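Data first, discussion second: the structure below is written as structure tokens.
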Amino acid sequence: MNGFQFNTDKFDFWPVYEAIKKYYPIGVEAAPKLYHSYPGQIALANIVIDRVHNDENFTSLWRSVENKLKQSTGKEIIGTTYGQDFCYSASLIVDTETHNNFTHRKLLHFFVSFLGPFYSIIGESQNELVMPQKDKVPSRYCSTNYLVASPHDEFAALFNTVEQAVEAAFENYKFVPYWINEQEITGLYLHHQNENKSPTVFNALFNDHIDLRKQQYRQQGDPCYRHEDWIKPGYDTSQEGHWTVHPPLSALTGTVDKAPGG
């Protein structure tokens, strides 16, 4: 989806855009030296140093979340937080089935942004094929069957468990719906993701571990899940479904309207 958009009468997703604009120099595609001199980039780099490279902070802020989830679910947790990414991230293995050199996994990937009070969870049905090679390290080929946007089927219970764990550890953080994550912002470039020139909101807030632009990843579940958390205070839902009749253009401009083709 090209361009950041939402119903401004009903929702307030501007904090997402404002956070991205604060930390990324939108419209700047020049050399890395200029890009990284942007005050927001400098501030974001310092946040990474404090939250990831400081072992004490990393353990207390994030490793404890991973450990609590491992204990409460009995599932394997794979930490995926890297120093060049602007988020905490990890994957919970929901289920694994292996037959010979083929493995099918169901995974829940979860992310907590450093740009603002945002987090997201995306499920994945993943295949891995391991091809032995004589005197060489086996080749591994991974593919995605579909992505999961909300508590859905066999992902549902653990999806909710991860939600609760993240919100308990990060007070007042809000879930970013899938349909917002998959949008793009014109002029946004991400030099820390190999100069990603068509990133999604997800890439900017979190990382590039999932590519929401690949339409072959059939999305399952509700892409609008938790969007009610972003409804503007005082919005009157009773007005939904009503038509608004505007005056014809001729009444405003003094011109004569013409029907299509007439």
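The values are calculated or read from the model by the stated rules, or taken from the named source; none is laboratory data. None of the values given here were measured: they were computed from a predicted structure. Methodologically, a virtual Cβ is constructed for each residue, glycine included, from the backbone with ideal geometry; neighbour enumeration extends over all protein chains shown. Calculation scope for accessible area: heavy atoms of the full protein, side chains included, ligands and nucleic acids excluded. Shrake-Rupley method; radii C 1.70, N 1.55, O 1.52, S 1.80 Å.
Expressed as an acute angle from 0 to 90° and rounded to the nearest 10, what is the orientation of the C-alpha long axis of helix 14-23 relative to the principal long axis of the chain?
Approximately 60 degrees, to the nearest 10.
Give me the log10 of I(q) over I(0) for region 145-245 at q = 0.19 Å⁻¹, as the Debye formula computes it from C-alpha points; what are the numbers?
-1.11
What number comes out for accessible area per residue over the chain if the probe is 1.4 Å? Units Å², please.
Per residue, the chain has 55 Å² of solvent-accessible surface.
Restricting to bridges with both residues inside the chain, how much of the DSSP beta-bridge set is antiparallel, in percent to the nearest 5? Can you show the working numbers first?
Working: 39 of 44 bridges.
Beta bridges within the chain, antiparallel portion: roughly 90 percent.
As a check on your grasp of the helix formula, calculate [θ] at 222 nm for the chain: sum -39500 (n - 2.57) over DSSP H runs of n ≥ 4, divide by the residue count, round to the nearest 500.
Using -39500 (n - 2.57) per qualifying helix, the result is -6500 deg cm²/dmol.
Have a look at ALA30, LEU69, TYR225 and report the one farthest towards the positive end of the charge dipole of the chain, computed about the Cα centre with Cβ charges (Lys/Arg +1, Asp/Glu -1).
Most positive-ward Cα: ALA30.
Do the alpha carbons of any pairs in LYS21/LYS68; LYS10/LYS106; LYS174/LYS214; LYS106/LYS174; LYS33/LYS136 sit beyond 30 Å of each other, and which pairs? Intermediate values should be presented prior to the final figure.
Details: LYS21/LYS68 34 Å; LYS10/LYS106 35 Å; LYS174/LYS214 25 Å; LYS106/LYS174 24 Å; LYS33/LYS136 40 Å.
Going by Cα-Cα distance, LYS21/LYS68; LYS10/LYS106; LYS33/LYS136 fall outside the 30 Å limit.
According to the square roots a ≥ b ≥ c of the eigenvalues of the Cα gyration tensor, what is the shape class of region 31-158, taking rounded for a/c under 1.5, prolate for a/b larger than b/c otherwise, and oblate for the remainder?
It is prolate, given that a/c is not under 1.5 and a/b is the larger ratio.
For the charge dipole of the chain, defined by +1 on Lys and Arg C-beta atoms and -1 on Asp and Glu C-beta atoms about the Cα centroid, which residue among ALA149, ILE185, ASN101 has the Cα displaced farthest towards the positive pole?
ASN101
Would you please give the FRET efficiency between ARG218 and GLU154, computed as 1/(1 + (r/R0)^6) with r the Cβ-Cβ distance and R0 = 22 Å, to the nearest 0.05?
Taking R0 as 22 Å, the efficiency between ARG218 and GLU154 is 0.85.
Using just the Cα positions, wrap region 15-75 in a convex hull and report its mean projected area in square nanometres, one decimal place.
6.2 nm²
What is the angle, in °, between the Cα long axis of helix 64-73 and the longest principal axis of the Cα atoms in the chain? Nearest 10 is fine, range 0 to 90.
It works out to around 80 degrees.
Carbon and sulfur atoms: what percent of the 1.4 Å accessible area of the chain do they account for?
In the chain, the share of accessible area belonging to carbon and sulfur is 51 percent.
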